[in-house]
Amino acid sequence: MRIYNLHRFLKPEFLRQTAPELLLAFLRHFPEFDVGLKDGGTIDYDKLGQQLASPTGKINTRMFDALALIDEMSADRNFDLLQDTVGNKTYSAKLGADASAADLALLLWLNEPRKLEQLQAKFSRKAPRSFVYFYGESIEKKEMRPPSRNLRQKLARLLNRIFHRKRRGRTVRIVVFEEPDEYCFMLRKGEPLTRDSSITPEGDTDYVYYRPERFDIVILRPKIAELRLAIYHKTPWIIEAYRTLFGLVFYGDREFFSSEDVFTLEPLMTNGATVLSCKEVDGMESVTLVQCKFATAKKEIAAIHGNLAMKIVGGLKLELLEGAKIVSAKFQVKFTDSRAERMVTVKAGNMAEFKYDDDGRKIEKWLIEKGFKHG
């Protein structure tokens, strides 16, 4: 099963988490990929991140599958699991006494890739990705201005003013990748400064003082005037900054992207189980409703699971839900080419959670077909 089937890799922070010699050994498995090195043979991480995000020429998609697998297994919570797996195997001596979770995951892939896949299938948490959506609304139809260098610099300056006021420094850097019907903006930014204790090579206690590097992804779809945000920390002021500044810079209107609802769950309540049909979408096998949440008249949240949730959308009346409004729904989606099921959560308003890759495109198509999302 393919773990990651987008022909781009938008996790440049991951590249810096691995030992350079291991990363170079990984890239040598894919000789068709031209690795950009600095003078002296060191890795140019910025250039490498851009090459992976927007590859040219014929690229072996196995590289992207492997990168996504290694990235997923590099979480700190997996360190002991990876350490126990690598154990005292002869190839582990290459790392010496110091290694990160990312080093262990990459080392395991280099020597026993099948073992790493087995660990991922058994222990990985299937956490959905959360997206915030906005649609453009204007009395006068406006065309998006292409993201020229001047407009990218203007956006970075405006964002830096806001981030500086929020004590995050002036650290924004923007890279844009053009895809069919959309522009993908990768925004590098700094988090608040942090201090952490550390241990020196001599064994003494010291501390480090640094600004963590994080990346946000913003997708602009001019054809349907849609803005989609995948943000590291979804604080309201960051969401608002992206909503207003992307509208200002590329459409000349701070309020171009409206806060109006993008998603509605009313089709569940009006059409019942018929909305779970997915025969209109190639590659989708089945959709199962596993949970509904309602905001009750008493301002409480009631979560209804499994068969009872299906009965509720089928017309069953419960006293608890009298006057209640549905606020979110969780679905299990099965694809024809995968044994694993995807969890999809839709929230009334402008948020949804699912992994956005080629399967994510099918999920969006189904959401539009069934009236959950505007097309």
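Rounded to the nearest 500, the helix-only mean residue ellipticity at 222 nm of the chain stands at -9500 deg cm²/dmol, with each DSSP H run of n ≥ 4 adding -39,500 (n - 2.57). With the cut-off at under 17 Å, measuring from each backbone N in the range 336-354 to a point 7 Å along the Cα-to-Cβ line of Lys279 picks out 336. With respect to the chain, whose longest principal axis is taken over its alpha-carbon atoms, helix 149-165 is tilted by about 90°. Spin-label model, Leu27 to Asp46: label points 7 Å out along the Cα-to-beta-carbon direction sit 1.6 nm apart. Rounded to the nearest 10 degrees, what's the angle between the helix 236-251 long axis and the longest principal axis of the chain, both from Cα atoms, 0 to 90? Tilt relative to the chain: about 90 degrees.
Please report, in whole Å³, the volume per residue of the convex hull around the C-alpha atoms of the chain. List each step's numbers first, then the result.
Numbers: hull volume 70.6 nm³, N = 375.
With only Cα atoms used, the chain gives 188 Å³ per residue.
Going from the residue with the fewest nearby Cβ atoms within 10 Å to the one with the most, Trp237, Trp109 rank Trp237, Trp109.
For helix 113-123, report the angle its Cα long axis makes with the longest principal axis of the Cα atoms of the chain; keep it between 0 and 90° and round to the nearest 10°. With both axes taken from Cα atoms, the answer is about 40 degrees. Close amide H pairs (under 5 Å, H built 1.01 Å from N) link Ala19 with Asp103, residues at least 5 positions away or on another chain. In terms of other Cβ atoms within 10 Å, Cys278, Cys184 run from fewest to most in the order Cys184, Cys278. For the range 85-100, the Karplus equation 6.51 cos²θ - 1.76 cosθ + 1.60, evaluated at θ = phi - 60°, returns couplings of 6, 5, x, 9, 5, 4, 5, 6, 5, 4, 7, x, 7, 10, 7, 9 Hz by residue, with Gly and Pro reported as x.
Against the empirical 2.2 N^0.38 Å (N residues), the range 223-294 has a Cα radius of gyration ratio of 1.53.
Within 10 Å of each residue's Cβ, count the other Cβ atoms and sort Ser258, Ser328, Ser148 from fewest upward. If you can, show how the numbers build up before the last one.
Details: Ser258 17, Ser328 21, Ser148 10.
Least to most surrounded, the residues fall as Ser148, Ser258, Ser328.
For Val290, nonlocal amide neighbours, meaning residues 5 or more places apart or on other chains whose placed amide H falls under 5 Å from its own, are Lys330, Phe331, Gln332.
Relative contact order for the chain using alpha-carbon pairs under 8 Å, separation at least 6, rounded to a whole percent?
Numbers: 587 pairs, mean separation 53.1, N = 375.
Computed value for the chain: 14 percent relative contact order.
Karplus-based coupling profile of the range 283-288, in residue order and whole Hz: x, 9, 9, 7, 10, 10, with θ = phi - 60° in 6.51 cos²θ - 1.76 cosθ + 1.60 and x standing for Gly or Pro. Residues in the range 308-333, backbone N under 14 Å from the label point at Ala297 (7 Å along the Cα-to-beta-carbon vector): list them, ranges by number please. The answer is 318-325. Based on the reciprocal of the average 1/r between different C-alpha atoms, the Kirkwood radius for the range 130-258 equals 16.0 Å. Each 5 Å bin from zero holds the following percent of Cα-Cα pairs in the range 12-123: 2, 11, 23, 24, 19, 12, 6, 1, 0.
Computed from the coordinates by the stated procedures, all read-outs in this text should not be read as laboratory data. Note that the coordinates shown come from a computational prediction; the quantities given were computed from them, not determined experimentally. So basically every Cβ, Gly included, is an ideal-geometry build from the backbone, and we count neighbours across all protein chains shown.
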